[in-house]
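A short write-up of the structure that comes next.
We did not get these values from a lab; they are worked out from the coordinates using the rules stated. In this text the structure is predicted, and so the values were computed from the model without any measurement. As a convention, Cβ positions derive from the backbone with ideal geometry for all residues, glycine included, and neighbour counts pool all protein chains shown.
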Amino acid sequence: MAERGTDGEPGPETYESAFDAAVAADERIEPRDWMPDAYRATLVRQIAQHAHSEIIGMMPEANWLSRAPSLRRKAILMAKVQDEAGHGLYLYGAAETLGTGRDELLDKLHSGRQKYSSIFNYPTLTWADVGAIGWLVDGAAITNQVPLCRCSYGPYARAMVRICKEESFHQRQGYELLLVLSRGTDAQHAMAQDAIDRWWWPSLMMFGPPDDESAHSAQSMAWKIKRHSNDELRQRFVDICVPQAEALGLTLPDPDLRWNEEAGHWDFGAIDWGEFKAVLKGNGPCNEQRISQRRRAHEDGAWVRDAAAAHARKRQEAASR
Ligand code: BYC
């Protein structure tokens, strides 16, 4: 790839055709490579939304940390919630390589100018919700994110490799938790079923609007940021979940689920896109709570950021003496 500022500066068309050729050849675009402004902006938008989802996503589960039913479950959940914070860090780091700092992105999140995943605007009402989040929400996240490991932008793709490994552990812990509940007492089984009933449809919405309403998909796929469309990934997820639900001894809340022999896929019922749009507009059950808690956490953490900056300054001064 042509780098900015090399000797004998070529014209902009040369940069653009080098970029197009690199994308066509499945090469990675790296931070110092020339890239179209719109490619950079799309990446910042998607990576920021993804990073915000990770840190907001800590909240619904952290809600159960103090009430986990055993020390083992508490330790597992604690590790998972910490992993989400780490994912946020990798992703804010990837956005930084595009010239956008974490402060700016957090400011946009706190003022509602950037989105986070719709899924985290739903409440975690029972312990089984921790299992449903692991199985369905992390399961949907993996389905969406494994192809992002082949994203054309190097730092994002590399961050996704680490994230997917951890998400895979998250998904399994949720599945195992639900399996134990499903095979437990009648009340535990009912609690697991209730959680699946509430999380199934919002999980399908995580993949984004249908393809014919997806504003960014075509361009993002041409740039090989996205490798599959929203509907393709949603279908893949449904196909994975149906036999898993059966193995769990639980049902998915969709009377229209049918195996389609010809298509080789599970047909599923209509998604309530009105609900999705309402949640995106800020009218989901927990939108206000999530953002106000996030703002408060940020304000409460100001002294930690100040202390870390002062420490870094001191070390730099000591090193330059
Ligand atoms: N929620 O043109 P489209 C996780 C927005 S997992 C909110 O299809 P795109 C975790 C979209 O941003 C969740 N907004 O967009 C798991 C766009 O709005 P703007 C995070 C959504 O980008 C467990 C508009 O709708 N994962 O973190 O081509 C525990 C039109 O959509 C949603 C990622 O972010 C939604 N569900 O495709 C803890 C994965 N869907 O920006 C944490 C990376 C769409 O024009 N992201 N919108 O205002 C992606 O793969 C893509 O951004 C999406 C959407 C598939 C989500």
- Note on the structure: Given backbone amide H placed at 1.01 Å from N, residues whose amide H is under 5 Å from that of H265, ignoring those fewer than 5 places away on the same chain, are N260
- Query: Which FRET efficiency, nearest 0.05, do H311 and S70 yield, Cβ-Cβ r, R0 45 Å?
  - Reply: 0.75
- Note on the structure: Among trypsin sites (Lys or Arg not before Pro) in the range 97-169, those in a DSSP loop whose Cβ has at most 10 other Cβ atoms within 10 Å are R113
- Message: Can you work out the Karplus-derived ³J(HN,Hα) for every residue in the range 67-75? Use 6.51 cos²θ - 1.76 cosθ + 1.60 with θ = phi - 60°, whole Hz, and x for glycine or proline.
- Response: 10, 4, x, 8, 4, 4, 5, 5, 5
- In what order do S292, S66 fall by count of nearby beta-carbon atoms within 10 Å, going from fewest to most? S66, S292
- Over what distance in Å are the Cα centres of the range 48-87 and the range 245-317 separated? 12 Å
- Message: With equal scatterers on the alpha carbons only and no solvent term, can you work out the Debye log10 of I(q)/I(0) for the chain at 0.08, 0.09 1/Å?
- Response: -0.42, -0.53
- When the range 1-96 is reduced to its Cα atoms, the Kirkwood hydrodynamic radius in Å: 16.3 Å
- Which pairs, out of K108/K224; K74/K108; K165/K277, put more than 29 Å between their alpha-carbon atoms? K74/K108; K165/K277
- Let me know the charge dipole size of the chain about its Cα centre in debye, to the nearest 20, where only the beta-carbon of Lys, Arg (+1) and Asp, Glu (-1) is charged. 1520 debye
- 5 angstrom amide H check on I29, placed H, neighbours 5+ away: Y153, G154
- In Hz, Karplus ³J(HN,Hα) per residue of the range 41-58 (6.51, -1.76, 1.60; θ = phi - 60°; x = Gly, Pro): 5, 5, 5, 4, 4, 6, 5, 5, 4, 5, 4, 4, 4, 5, 7, 5, x, 5
- Ranked K281, K224, K80, criterion: other C-beta atoms within 10 Å, fewest first: K281, K224, K80
- Query: Once the Cα gyration tensor of the range 191-275 is found, what semi-axes does its equivalent ellipsoid get, as square roots of 5 times the eigenvalues, in whole Å, sorted largest first?
  - Reply: 25, 15, 12
- With a point put 7 Å past each Cα toward its Cβ, work out how far A278 is from E246 in nm, to one decimal. 3.4 nm
